[in-house]
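Notes for the one structure printed next.
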Amino acid sequence: MKKIYIILSCFSLFVACSPNRNETPLSNRQIYLELTDDVQLSDSLEFVFIPLETNEQCLIGIVKQVEIRNGKIYVLDIKQMALFVFDMEGKFLTQIANRGSGPGEYITPMSFDFDLSANTIIVNDIDKKELLCFDLNDYRFKYTKALPEHYSSFSILSNHSISFFSSSGVLKERGEDYYVLTCDSLLNPKHTYFPADFRSGYSYALGRNFYRVGNRDFVYHGQIPVIYEIVGDEIKIHYELILGTFDFPPVTYLQEESMNNTYFVPTLLHSGYISAYMVCETEELLCVMFTRNVSQSYYGIYHKNSSKGYLYTANGFARNGGVRIPLSLEGATDGYIIGVLSPSFIGKPYTPNADLQPILDKLSPEDNPVLCLFKWKE
């Protein structure tokens, strides 16, 4: 199987139609964030902290995805290769399925989503090339949908279609290629989206390629600075990101380097370009996290109502973002951005948020993470 690089951290032969790009000028959709480590956001953001219970049944290693649905918290751990469920107080409830090669088991769960109309949670096992479907009430295994290819991300769209993302393209055996394929509920291909300007069997991603705000569906490629909205059989420009003076890799560079898949990711990580980014968005906030030169991480916040945007280094965001210790971004829910705080920072030279400190006082560095939900104050 082709290798998939995940930091903090892929059917294909038939297509119903190919959409046109929206003609909206990018200049009208630009989100510009200027680097500053001095703007204090403590008075602008409000926080909710949820410590996730630690016990022998749920020792979380590396969080890949967090979703909150119907009063439950779902955490995908790609070190333990497990999908955990907590209540809104952070109490551990259960693990959905076990790791293995048998029916209803997964080997490498890479992402998950919900089909609320069918009361189902769906897990994408990239190793077995399957979608595993579980009942959302008791988490019992229901059935499997076989996939002919490896996909790094998928999403249940608002119209109940299923959309897949592959950095190596979804039409590899045709003259033209795309990153996104949308199918009906029976996995019959319907549309292709997002023309593949370059292709690589090795992907470097910080998060899922899909996200949803309300009933609107969005998709992006972690090395291309444009976020698109999926609308019917079309793809429309949502935003173009301009992140300070940092450069995204030019398409010509990506095309050339991706021809040698083996070294694509290491070369990108040391290139000086933005190597990957992820986006979390609500109706009011757009947050960005990106990496550059292996170990350099940056965080951006854009407040839509005021059109104000701020970009920080990781340390600058820890000092001025209001939480006062480092966090990673993992998603959004009900107007809140979802961040994850690792207790491994306990004892380090940080002065946490006053509401967070009593929680950390009860934890050890080996405990499960604390969720940090934040939004702009009204």
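The values are calculated or read from the model by the stated rules, or taken from the named source; none is laboratory data. These numbers come from a predicted model, not from an experiment. Cβ sites come from the backbone with ideal geometry, for glycine too, and all protein chains shown count toward neighbours.
This table checks each residue for (1) surrounded by fewer than 18 Cβ atoms within 10 Å (Cβ to Cβ); (2) under 16 Å from residue 142 (Cα atoms); (3) small (Gly, Ala, Ser).
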| residue | (1), (2), (3) |
| --- | --- |
| 81 | no, no, no |
| 88 | yes, no, no |
| 99 | yes, no, no |
| 103 | yes, yes, no |
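Can residue 256 be described as over 18 Å from the mean Cα position of the chain (by Cα) and not polar (S, T, N, Q)? Judged against the criteria, residue 256 is a match.
In the list 90, 169, which residue meets the criterion of being part of a loop (DSSP other than H, G, I, E, B), farther than 28 Å from residue 276 by Cα and either charged (D, E, K, R) or out of contact with any helix residue (DSSP H, G or I) (no Cβ under 9 Å at 6 or more places or on another chain) (or both)?
The conditions single out 90.
Residues that are surrounded by fewer than 19 Cβ atoms within 10 Å (Cβ to Cβ) and assigned to a strand (DSSP E or B) within the stretch 280-296 comprise just one, 296. If you go through the stretch 52-87 and pick out every residue that is of a type in the set (Ser, Thr, Tyr) and part of a strand (DSSP E or B), you end up with 1.
Scanning the stretch 336-378 for residues that are under 20 Å from residue 282 (Cα atoms) and of a type outside the set (A, V, I, L, M) returns 336, 339, 372, 374, 375, 376, 377, 378. Here residue 258 passes the criteria (1) out of contact with any strand residue (DSSP E or B) (no Cβ under 8 Å at 6 or more places or on another chain); (2) surrounded by fewer than 16 Cβ atoms within 10 Å (Cβ to Cβ) except the one numbered (2).
Would you check if there is a residue in the stretch 54-69 being under 18 Å from residue 150 (Cα atoms) and touching a Lys or Arg at 6+ places or on another chain (Cβ under 8 Å)? No - not one qualifying residue is present in the stretch 54-69. Taken over the stretch 138-156, the criterion of being among the aliphatic types (A, V, I, L, M) and either under 20 Å from the mean Cα position of the chain (by Cα) or surrounded by fewer than 15 Cβ atoms within 10 Å (Cβ to Cβ) (or both) is satisfied by 146, 156.
Selection over the stretch 203-222 of residues that are in contact with a Gly (Cβ under 8 Å, 6 or more places away or on another chain) and assigned to a strand (DSSP E or B) gives a count of 3. The single condition from (1) within 30 Å of residue 178 (Cα to Cα); (2) modelled with pLDDT of 95 or more; (3) among the aliphatic types (A, V, I, L, M) that residue 4 fails is (2).
The single condition from (1) loosely packed, with under 12 Cβ neighbours inside 10 Å; (2) modelled with pLDDT of 90 or more; (3) more than 21 Å from the chain's Cα centre (by Cα) that residue 39 fails is (1). When we screen 256, 240 for residues that are at pLDDT 90 or above and either farther than 30 Å from residue 114 by Cα or among the aromatic types (Phe, Trp, Tyr) (or both), the only hit is 256. Checking each residue in the stretch 120-146 for being farther than 14 Å from residue 110 by Cα and either in a loop (DSSP other than H, G, I, E, B) or small (Gly, Ala, Ser) (or both) picks out 136, 137, 138, 139, 140, 146. One residue stands out in the stretch 299-351 among those that are in a strand (DSSP E or B) and among the aliphatic types (A, V, I, L, M): the one that is farthest from the chain's Cα centre (by Cα), namely 311.
Conditions tested, residue by residue: (1) more than 30 Å from residue 160 (Cβ to Cβ); (2) outside any helix (DSSP H, G or I); (3) in contact with a helix residue (DSSP H, G or I) (Cβ under 6 Å, 6 or more places away or on another chain); (4) not charged (D, E, K, R).
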| residue | (1), (2), (3), (4) |
| --- | --- |
| 227 | no, yes, no, yes |
| 237 | no, yes, yes, yes |
| 247 | yes, yes, no, no |
| 254 | yes, no, no, yes |
| 263 | yes, no, no, yes |
| 267 | yes, no, yes, yes |
